[in-house]
């Protein structure tokens, strides 16, 4: 089995990290550190290259698209390594979200979109999330309330407000993603937003925005004036 020992001294990621720090390692070398061992014909770095090629973007960004089954199709990756890599990606997503959570403002669509961008822009199915805020505009909690298909998800007022009521929320923001990467709202998105706002007005929990996440872009239906048009 090929390991880092077979690599030239100047190419060994562990030694380079100890001497210069992890910042000097390439993306491939960083990934190889977690892979640790290779096969008879492939080093950990070779396997890391195969993973990034299979990700579709030939970079670490593409790892967000990888699922357990994708890792397992690569020679040299078994269940243990697949779990380790999947957990590594999930950890990176949570770090990104935690860094952004303190900057969330319910009146600032960009801050909310940034918080969910890395989590949702790579998803291959539509997901509907609800952010619940208290009377002091603090984020109380969030939850995915619906998972749909590649191009649609049912936004149910019942599920949205059932969760908001359970959290004693005063305001909510609804977020969902478009796997196509294009956050342009569909007619169904607009109709669902109207229905959500009407239900919230009756229940007493105000819908402040409906944000659609694309690939590094988003659309805020509140910023687009949709709510103003309805009130007018």
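Just so you know, all these numbers are worked out from the coordinates, no wet-lab data involved. All of these numbers come straight from a predicted model, not from anything done at the bench. All Cβ positions, glycine included, derive from the backbone under ideal geometry; neighbour counts span all protein chains shown.
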Over the chain, what is the relative contact order in percent, taking alpha-carbon pairs closer than 8 angstrom and at least six residues apart? 13 percent
If we restrict to alpha carbons, what Rg and Dmax does the chain come to, in Å? 21.7, 71
Could you work out the helix-only [θ] at 222 nm for the chain, with each DSSP H run of four or more residues adding -39,500 (n - 2.57) and the total divided by the number of residues, to the nearest 500 deg cm²/dmol? -13500 deg cm²/dmol
Order by protection proxy (mean Cβ within 10 Å, highest first), peptides 13-24, 153-164: 153-164, 13-24
The range 53-145: projected area of the alpha-carbon convex hull, averaged over directions, in nm²: 7.1 nm²
With just the Cα atoms defining each centre, how far is the range 177-209 from the range 45-112? Give it in Å. 29 Å
With angles folded into 0 to 90 degrees, how steeply does helix 109-120 sit against the dominant principal axis of the chain? Use alpha carbons for both and round to 10. 40 degrees
Contact order relative to length of the range 1-80, as percent, for alpha carbon pairs under 8 angstrom and 6 or more apart: 25 percent
Nearest-5 percent of antiparallel DSSP beta bridges in the chain? 70 percent
Give me the extension gain from residue 108 to residue 162: residue separation times 0.36 nm, minus the current Cα-Cα distance, reported in nm with one decimal. 17.0 nm
Figure the gain on full extension for residue 182 and residue 88 (residue separation times 0.36 nm, minus the Cα-Cα span) and round it to one decimal in nm. 31.1 nm
Residue 72 and residue 24 label points (each 7 Å along its Cα→Cβ direction) are spaced in nm at 3.9 nm
In Å and on Cα atoms, what radius of gyration and Dmax does the range 104-231 show? 13.1, 36
Calculated FRET value between residue 136 and residue 37, using beta carbons and R₀ = 35 Å, to 0.05: 0.10
FRET efficiency (residue 223, residue 58; Cβ distance; R0 22 Å; to 0.05) is 0.05
Given an 8 Å cut-off on Cα distances and at least 6 residues of separation, report the relative contact order of the range 162-209 as a percent. 57 percent
Looking at the range 104-231, what % of its DSSP beta bridges pair antiparallel, to the nearest 5? 70 percent
